[in-house]
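A short worksheet on the structure shown next.
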Amino acid sequence: MRRMEAGDAGARGRIVLMMVASAFMFCVVGARLVSLAIAPAAAVSGDGVSPLDEVQAARPDIVDRRGEVLATDLATASLYAEPRNIVDVDEAVEALTRVLPELDAEALQRDLSTDRGFVWLKREISAQKREAVHDLGLPGVGFLTETRRFYPGGASVGHIVGHVDVDNAGIAGLEKTIDGGGLSALQAAGFARKGTTLAPVALAVDLRVQHAVRDELARAIERYRALAAVGIMLDARTLEVVAMVSLPDYDPNEPAQALEEVRMNRAMAGVYEMGSVFKMFTLAGALDAGTVQLGTSIDATKPLRVGRFTIRDFHAKARVLTVAEVFKYSSNIGTAKIALGLGPERQKAYLDAFGMFDRLDSELPEAARPLVPERWPNVTAATVSFGHGIAVTPMHTAVAAAAVLNGGIYAPPTFYRRSEDEVRAIGRRVLSAEASAQMRALFKLNGEEGSGRRARVPGYDVGGKTGTAEKAVAGGYARDKRLNSFVAAFPIDDPRYIVLVVLDEPKPEEGKREATAGLNAAPTVANIISRVGPMLFLAPRFDDDDVARAMTVAYQE
């Protein structure tokens, strides 16, 4: 009898234990169901990654060559709703649109009237509005912390860094390149999420130089009443982009500005007939090929007839010129004759070697392809020799100028850091060292005695070439609309940096009749070099002539 009672007690114990275990399991399952019910809908995918994690994915900081932050992530609040948990839709719509008047009341009413578990209401709201919505105390309305991209440099680096969309994915500039370079794959694999520390992306750009170039271009636009301006500074040896500015620019913190056509990146996404700066490529090819020497005589006594076209000089000397004088006086007649002596096929080969026929290979996705003539008869060879009939980007011009002046080595530009050893590995020779030295001599001559005189900066030995190109219009070229440019190198005996400035339709200053590049683009380059030279630790070198000129300027002022 006692054994039966003991058996019954044991059975009751097992039953109680099973009931407790079952209740616990039901509690666990119930708690999980509740958590899923109150969580945003479709919160978990098969790999355990939440779609909300996607919008919270981390991005690396972008920094300049000195470590100054150009782009970084900031935490921000975004507003969402769970429509199936909204108690009174009409009350919620009225309250939310009162605090956030930018919300569309009809769309909000429609979204909140569904049985969905999650819907975004507004991404990236301010702390003040977050507090105001929180104080409404609406059930079914909440906040999620997202990652927002912030650009401390603002508009000064907009065309370089680009911007991201509302989901923090790069859609322009280097932000887009970084995603294409593997960041998107890291994010998808879960290795680049909110709270993850990623190594910063270091650029070759120097923010101090960028600010100086931008400031001087803005001053030039105001002073010469130009429509737009471009400024590029390259390391002549490594082809690193130290600065690149296109005005008007845009603030990547306000990415909608990028849609305005006037704010396009003219430095790399616009193509232009660059005018007389192209003469450097014609003379470089001819000197390299040996068809002329610096002392070779070129007859520029009268206009040149090529087919049905007549080529004239802007300031005609009407005499025989040496090759050096052709460059110094920027003779269209002399340059065209040099190109015809070189021959169309060899001219094309040199321009191709300088990268003028292809889209630039750099990290920036916004890069235009040059407009190149399909046919290349003598008249095309003649007009292309002085920068008409072919349209390239200003960056094409700056990069090719570096190759002409740095000893004859061409390499694509880069916005990332690069050493001279790396350039030696990837670069290609496009000119002999002798021809490059001769071109430096021509740049120095033009900087001292020619149209580049106003670009001189005491102590920095600047050499350069002007370009004043009439803009193409329907039926020909407009004599009163010009694209002015000046490309310079300093110090010219062993160039360290290349500077290119382009001004779109500058006007004559008060009291002056002309608005050629020597009167506006060249002085702008001088202003840039005088500001950035000390920043770049380039010690000025003075000779007696420099001191005398500086004293003369000081006395006149």
Percent accessible area from carbon and sulfur atoms, the range 58-159, protein chains only, probe 1.4 Å: 45 percent
C-alpha center-to-center spacing [the range 331-388, the range 261-310] in angstrom: 8 Å
Per-pair calculated FRET efficiency, R0 = 45 Å: Phe542 and Ala202 via Cβ, rounded to 0.05: 0.85
Cα pair distances in the range 117-160, grouped into 10 Å bins until the bin that holds the longest one, percent each: 20, 40, 22, 14, 3
Overall Cα dimensions of the range 243-298 - principal axes, largest extent first, Å: 56, 19, 14
Paramagnetic reach from Glu448 in the range 310-347 [backbone N under 19 Å; point 7 Å along Cα→Cβ]: 322-330
Relative packing of 285-296, 477-488, which averages over residues the other C-beta atoms within 10 Å, highest first: 477-488, 285-296
Percent of C-alpha pairs per 5 Å bin, the range 204-360, short to long: 2, 8, 13, 14, 15, 13, 13, 11, 7, 3, 1, 0
Solvent-accessible ranking of His159, His134, largest area first, probe 1.4 Å: His134, His159
Volume per residue that the Cα convex hull of the range 432-542 spans, once the total is divided by residue count, Å³: 123 Å³
Accessible area per residue, Å², the range 362-519 with all protein chains present, probe 1.4 Å: 39 Å²
Packing-based ranking, highest mean first, of 521-527, 82-88 given that Cβ atoms within 10 Å are counted: 521-527, 82-88
Residue-span extension gain [Glu131 to Lys481] - 0.36 nm each, minus C-alpha spacing: 120.5 nm
Sequence ranges 212-224, 415-427, ranked by mean other-Cβ count within 10 angstrom, highest first: 212-224, 415-427
Apportionment of accessible area to carbon and sulfur, the range 445-542, percent (1.4 Å): 49 percent
Anchor Lys302: lysines whose Cα lies under 25 Å away (excluding residues fewer than 8 positions away in-chain): Lys279, Lys317, Lys328, Lys337, Lys465, Lys471
16 Å cut-off, amide nitrogen to a point 7 angstrom out along Leu100 Cα→Cβ, residues in the range 247-273: none
Gain on full stretching of the segment that runs from Ala433 to Thr301 - 0.36 nm per residue minus C-alpha separation: 44.3 nm
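The values are calculated or read from the model by the stated rules, or taken from the named source; none is laboratory data. As the structure is a prediction and not an experimental result, all values here were calculated from the model. Cβ atoms come from the backbone with ideal geometry, glycine included; neighbour counts cover every protein chain shown. We work out accessible area using only protein heavy atoms, side chains counted, and drop any ligands, DNA or RNA first. Shrake-Rupley method; radii C 1.70, N 1.55, O 1.52, S 1.80 Å.
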